[in-house]
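S.K.: Below is one structure. I have some questions about it.
The values are calculated or read from the model by the stated rules, or taken from the named source; none is laboratory data. What you see is a predicted model, and the numbers here were worked out from it, not measured in a lab. Heads up, the Cβs are rebuilt from the backbone with ideal geometry, glycines too, and the neighbour counts pull from every protein chain shown.
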Amino acid sequence: MQQQRIPFSTYAVIGTMLFGLYFGAGNLIFPIQLGQLAGSNFWPALIGFLVTTIGFPFLGILAIGLSKSNGVLDLASRVHPAFGLAFSMALYLTIGPFFSIPRTATVPFVVGFEPFVNPNQISLWLAVFSFIFFAIVFYFSLNPAKVIDYVGKYLTPAFLLFLFVLIIVTIVKPMGSFGLPIGQYTNNAFMTGFKEGYNTMDAIGSLAFGILVINAIKRRGITDTKMITSATWKSGLFGMGLMTLIYGLITYMGASSVDAIGTLDNGGIIFAEVAQYYFGPFGAILLAIIIVLACLKTSIGLITACSEFFHDVFPKISYKKFVFILSFVSFAIANLGLNNIIKFAVPVLMFLYPLAIVLILLGISSTLFHHKRAVYVSAMTLTFFISIMDGYNALVDTLPQVTNSFLELLNEYYLSYIPFFNIGLGWILPALIGATIGYFWPTRESNLAH
């Protein structure tokens, strides 16, 4: 039976939920700093940033929908079941309790509360703040079916209301003109913005959130496969459109702020100074509300997605137990501090991102090569050899003492012979070669059972 036409309000609520799940700590602090550093190279830097923070996440949501897979574990298992389990666990731990979720507690503390705390008592107050934060997240994450209501109907509109107050003031009464670009933004603004987008973790997050969107659509009584696919991309388009608008405005806020507040170390401090510039002491309160709401909604979404995933993999442990375990681990790691979390996340992201992007592109185009396993295997294998070196290079930047002579030699070889490796896009050609080899590889098994 043909179902009724889906009302626009459905796309809007699911799209707003999607925006709410994505738009957390990193999505506020990274674009405002990008704006300051890019200055007059605003447009190429912003476009590069949007490719990784809007383009790939949108494709990631579509990849789950179009490939007819039941989430990232199912999609990644097209390479091999063991790879599927290892990759999806690494992905969920990265966007979950190891990096993303702890960051949702440390960013609001650093930006909204740390300036008012005695420097000798920062560790104590971070522990108190993160305990209260994760207690709230734990409570709201216990019922996954209600996440769409909490995030889509209440938390996200409240967050947007407070954020737009700050944004509108910066447009009506600009702080100054764009300054000169700084560092790598001088000559390589697009690629620098592109790689800066990795820090938001949005593309790898999309592989996890894709199934949440599909489940939210199914809960609305939509069961026809074509209609689910249609609702997925339309909801995704709504959520990503909202994100594009806000990224552009936040980047503009950063680019126009240098005359008034100077160039600062990180996006959290920039936000705090902009709020102080316009609203004085009330700026700190406004900013605290914006950032706590942004991070609460993202944290609830991440705890929900990760708990559902781990409960599916280890069904003997209940969903509610996983909510507790993940909240507790995130609380513990949050107390290591924001700088340590960011420092150790970068090598992991540089390793995971090429694999995630290639998997997304394979999922999107899967019907073109009839879901042939050999295409997945060869493309992902050759990408792995590049991503392992991307991760190693980022780790050496963080911890120079881990330098390895063999890997240094391999790095020189890659730099000499692999196109775009020096700008972090060395995976493109190997992935294409791998997919081509896989496509023409003779095999009795023509495709995957999908």
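S.K.: Looking at region 286-299, is at least one residue among the hydrophobic types (A, V, I, L, M, F, W, C), more than 24 Å from the chain's Cα centre (by Cα), closer than 21 Å to residue 125 by Cα and outside any loop (DSSP other than H, G, I, E, B)?
M.R.: Yes, region 286-299 contains a residue that is among the hydrophobic types (A, V, I, L, M, F, W, C), more than 24 Å from the chain's Cα centre (by Cα), closer than 21 Å to residue 125 by Cα and outside any loop (DSSP other than H, G, I, E, B).
S.K.: Give the residue that is farthest from residue 208 (Cα to Cα), with candidates limited to residues of region 52-89 that are of a type outside the set (Lys, Arg) and in contact with a Phe, Trp or Tyr (Cβ under 6 Å, 6 or more places away or on another chain).
M.R.: Once the filter is applied, the top-ranked residue is 79.
S.K.: Within the group 386, 342, 357, 433, which residue is more than 19 Å from residue 194 (Cα to Cα) and touching a helix residue (DSSP H, G or I) at 6+ places or on another chain (Cβ under 9 Å)?
M.R.: Going through 386, 342, 357, 433 in turn, the sole match is 433.
S.K.: Another question about this same structure. Which condition number in (1) within 24 Å of residue 210 (Cβ to Cβ); (2) in contact (Cβ under 8 Å) with a residue 24 or more places away in the chain; (3) of a type outside the set (D, E, K, R) is the one that residue 368 fails?
M.R.: Just one mismatch for residue 368, condition (2).
S.K.: Then there's this: Would you mention how many residues in region 1-42 are farther than 20 Å from residue 109 by Cα and either in contact with a Gly (Cβ under 6 Å, 6 or more places away or on another chain) or among the aliphatic types (A, V, I, L, M) (or both)?
M.R.: 16
S.K.: Residue by residue through region 234-285, note down the ones that are in a helix (DSSP H, G or I) and in contact with a Pro (Cβ under 8 Å, 6 or more places away or on another chain).
M.R.: Residues satisfying the conditions are 240, 247, 250, 251, 254, 267, 272, 284.
S.K.: When both residues are 6+ apart or on different chains and their Cβ atoms are under 7 Å apart, which pairs have a first residue that lies in region 301-317 and is more than 19 Å from residue 14 (Cα to Cα), and a second that is among the β-branched types (Val, Ile, Thr) and part of a helix (DSSP H, G or I)?
M.R.: Sorted first by the residue in region 301-317, then by its partner, the pairs are 307/323.
S.K.: Residues that are under 19 Å from residue 438 (Cα atoms), in contact with a Gly (Cβ under 7 Å, 6 or more places away or on another chain) and not in a helix (DSSP H, G or I): does region 360-377 have at least one?
M.R.: Yes, region 360-377 contains a residue that is under 19 Å from residue 438 (Cα atoms), in contact with a Gly (Cβ under 7 Å, 6 or more places away or on another chain) and not in a helix (DSSP H, G or I).
S.K.: Of the numbered conditions (1) without any contact (Cβ under 8 Å) to a residue 40 or more places away in the chain; (2) in contact with a Phe, Trp or Tyr (Cβ under 7 Å, 6 or more places away or on another chain); (3) over 30 Å from residue 232 (Cβ atoms), residue 413 satisfies every one except a single condition; which is it?
M.R.: (2)
S.K.: Criterion first (surrounded by 15 or more Cβ atoms within 10 Å (Cβ to Cβ) and of a type in the set (Gly, Ala, Ser)) does residue 221 satisfy it?
M.R.: Considered against the rule, which asks whether it is surrounded by 15 or more Cβ atoms within 10 Å (Cβ to Cβ) and of a type in the set (Gly, Ala, Ser), residue 221 comes out as no.
S.K.: Right, next: Considering only residues that are crowded, with 19+ Cβ neighbours inside 10 Å and charged (D, E, K, R), look in region 286-316 and name the one that is nearest to residue 160 (Cα to Cα).
M.R.: Taking the candidates together, the pick is 297.
S.K.: Can you go through 338, 352 and tell me which one is within 19 Å of the chain's Cα centre (by Cα), more than 19 Å from residue 205 (Cα to Cα) and crowded, with 20+ Cβ neighbours inside 10 Å?
M.R.: Within the list 338, 352, the selection yields 338.
S.K.: Right, next: Give me the residue from region 432-450 that is more than 30 Å from the chain's Cα centre (by Cα) and assigned to a loop (DSSP other than H, G, I, E, B) and, out of that set, modelled with the highest pLDDT.
M.R.: 441
S.K.: Can I ask one more? Within the set of pairs 6+ apart or on separate chains, which have a first residue in region 165-181 that is assigned by TED's automatic domain parsing to the domain that holds residue 291 and more than 10 Å from residue 258 (Cα to Cα), a second that is aliphatic (A, V, I, L, M) and in a helix (DSSP H, G or I), and C-beta atoms under 6 Å apart?
M.R.: 167/249; 170/253; 181/38
S.K.: A further question on this structure: Conditions: (1) under 21 Å from the mean Cα position of the chain (by Cα); (2) modelled with pLDDT under 95; (3) within 30 Å of residue 443 (Cα to Cα). Residue 367 meets all but one. Number of the miss?
M.R.: Of (1) under 21 Å from the mean Cα position of the chain (by Cα); (2) modelled with pLDDT under 95; (3) within 30 Å of residue 443 (Cα to Cα), only one is false for residue 367: (1).
S.K.: Now for a separate question. Restricting attention to region 225-258, and to residues there that are aromatic (Phe, Trp, Tyr) and under 22 Å from residue 298 (Cα atoms), which single residue is surrounded by the most Cβ atoms within 10 Å (Cβ to Cβ)?
M.R.: 247
S.K.: Here is a list of conditions, (1) in contact with a Leu (Cβ under 9 Å, 6 or more places away or on another chain); (2) in contact (Cβ under 8 Å) with a residue 12 or more places away in the chain, and residue 276 meets all of them except one; can you say which number that is?
M.R.: The single condition residue 276 does not satisfy is (2).
S.K.: Here are 409, 326: which of them is loosely packed, with under 14 Cβ neighbours inside 10 Å, assigned to a helix (DSSP H, G or I) and at pLDDT 95 or above?
M.R.: Answer to the check: 409.
S.K.: Return the total of residues in region 417-431 being in a helix (DSSP H, G or I) and in contact (Cβ under 8 Å) with a residue 40 or more places away in the chain.
M.R.: 3
S.K.: Tell me, yes or no, whether region 50-57 has at least one residue that is at positive phi, part of a helix (DSSP H, G or I) and surrounded by fewer than 24 Cβ atoms within 10 Å (Cβ to Cβ).
M.R.: The answer is no; no qualifying residue exists.
S.K.: May I ask you to list the residues in region 397-406 that are of a type in the set (A, V, I, L, M) and either in a loop (DSSP other than H, G, I, E, B) or at pLDDT 95 or above (or both)?
M.R.: Hit for region 397-406 is 399, nothing else.
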